[in-house]
Amino acid sequence: MTGITSIRELMSRNLRQSGIVIALVAIVFLFSLLNPNFLSPANLTNIVLQYSYILILAIGMVIVIIGGHIDLSVGSVVALAGAVSAVLVIKHGQPWWVGVLASLGVGLLVGVWQGFWVAFVGIPAFIVTLAGMLLFRGLTYRVLDNVSLSPFGGTYYQIANGFQNGVLGGYGYDVLTILVFALAVVGFAFVQYRNRRAALRYKQAVEAFPLFVLKIVAVGAVVMWFSWQLARSRGLPNVLILLAVLIIVYTLVTQRSVFGRHVYAIGGNLAAAELSGVKVKRVNFMIFVNMGMLAALAGIVYSARVNSAQPGAGNMFELDAIAACFIGGAAVTGGVGRVTGAMVGGLIMAVMSNGMQLMGAAQSTQQIVKGLVLLLAVAFDVYNKRRAGAR
């Protein structure tokens, strides 16, 4: 017999995932009441542009955390990647794509370096990446010779600051933005319907069909409202397109690929993974190679956003990325987490930062609030595990 469950049962079964979405909605609602400009088209566009690089880092970081590791070096890698691009593009006048490829190459080398020490030498990732945080920051100072370089300008600048606007015309709003988001909603509805049918076929519990339809309509309404706000502002940000591609690709990698299943297996139970034939060293190596590449990509986006490379760039970015993952449902012990959850966690951090900035809150207050939110998120995870173990 197939299981048709109520919304209350579904929320209790997926308490962590439901909780972070409810928390995001509540935080957005609170800041919209405190500041009428919070949900304005210009500010929503600004949130996307300002925090995209943290979300890119969170995609790589959640895979690291699922595998049972941590990476403290990503902020320094962001700075180093931006520095390499700046020296080539600004100082030596190379084309923008040379800077991009060189930065990605640096990220690859960083990933190979750290992956070697973690996977094949057996040094804990915490130590390796702590050393990397110092090493790559020092290299950044060397590459930039202790000075900032600016501006990039041109196509490189447009990576994080450009928009797809007016391609299909518009009538006070950008048609392309509306169309892209509408197609995304259709795709989401199709995937959810297919997943529901598969669950029913395997006699798994699913929500009642009216609740399923309500969920699709609610998500579609929010997405289309967001697209309308972007369309009324400057159109579809280039960096949002990049982020959407990364989310889709890495969701498929983590949920549907052999590599993704092996990462979960290693993080969940290392001994069992080894006994089942998982090539643990190779998977751990690739986890850090991937993190290095995504950190370099975040460095490209960040340097393009600020239109410069600075020796102190990326400071504390690793903590924002780690916080996004844990708030989004990743487990401290590994083996648990999703890319979409990390994105919601990252959005919670972004919304809180932006909202407090609009309210004029001091930087110290913002750090205190972020710290408390992270602590509560991890405490909630521990509470859920204890409650599940007591049953």
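Observations on the structure shown:
- Residue within region 301-309 that is within 29 Å of Val89 (Cβ to Cβ) and β-branched (Val, Ile, Thr) present: yes
- Selected residue (criterion: surrounded by the fewest Cβ atoms within 10 Å (Cβ to Cβ)) from residues of region 335-370 that are within 19 Å of Gly19 (Cβ to Cβ) and among the small types (Gly, Ala, Ser): Ala350
- Condition check for Gly371: outside any helix (DSSP H, G or I), under 30 Å from Ser40 (Cα atoms) and at pLDDT below 90: no
- Positions within region 296-333 being part of a loop (DSSP other than H, G, I, E, B) and either under 14 Å from the mean Cα position of the chain (by Cα) or buried (at least 24 other Cβ atoms within 10 Å of the Cβ) (or both), in sequence order: Ala313, Gly314, Gly328, Gly329, Ala330
- The listed residue being at pLDDT 95 or above, assigned to a helix (DSSP H, G or I), surrounded by fewer than 18 Cβ atoms within 10 Å (Cβ to Cβ) and among the β-branched types (Val, Ile, Thr), out of Val98, Val118, Val87: Val98
- Region 272-287, residues that are under 12 Å from Val258 (Cβ atoms), in a helix (DSSP H, G or I) and not β-branched (Val, Ile, Thr): Arg282, Met286
- Residues of region 57-84 that are in contact with a Leu (Cβ under 7 Å, 6 or more places away or on another chain) and crowded, with 24+ Cβ neighbours inside 10 Å: Leu57, Ile59, Gly60, Val74, Leu80, Ala83.
- Scanning region 281-297 for any residue that is under 16 Å from Gly346 (Cα atoms) and not polar (S, T, N, Q) turns up at least one such residue.
- So Arg194, is it part of a helix (DSSP H, G or I), among the charged types (D, E, K, R) and surrounded by fewer than 15 Cβ atoms within 10 Å (Cβ to Cβ): yes
The values are calculated or read from the model by the stated rules, or taken from the named source; none is laboratory data. Keep in mind it's a predicted model, so treat the numbers as computed, not measured. Neighbour counts run over all protein chains shown; Cβ positions are idealised from the backbone, glycine included.
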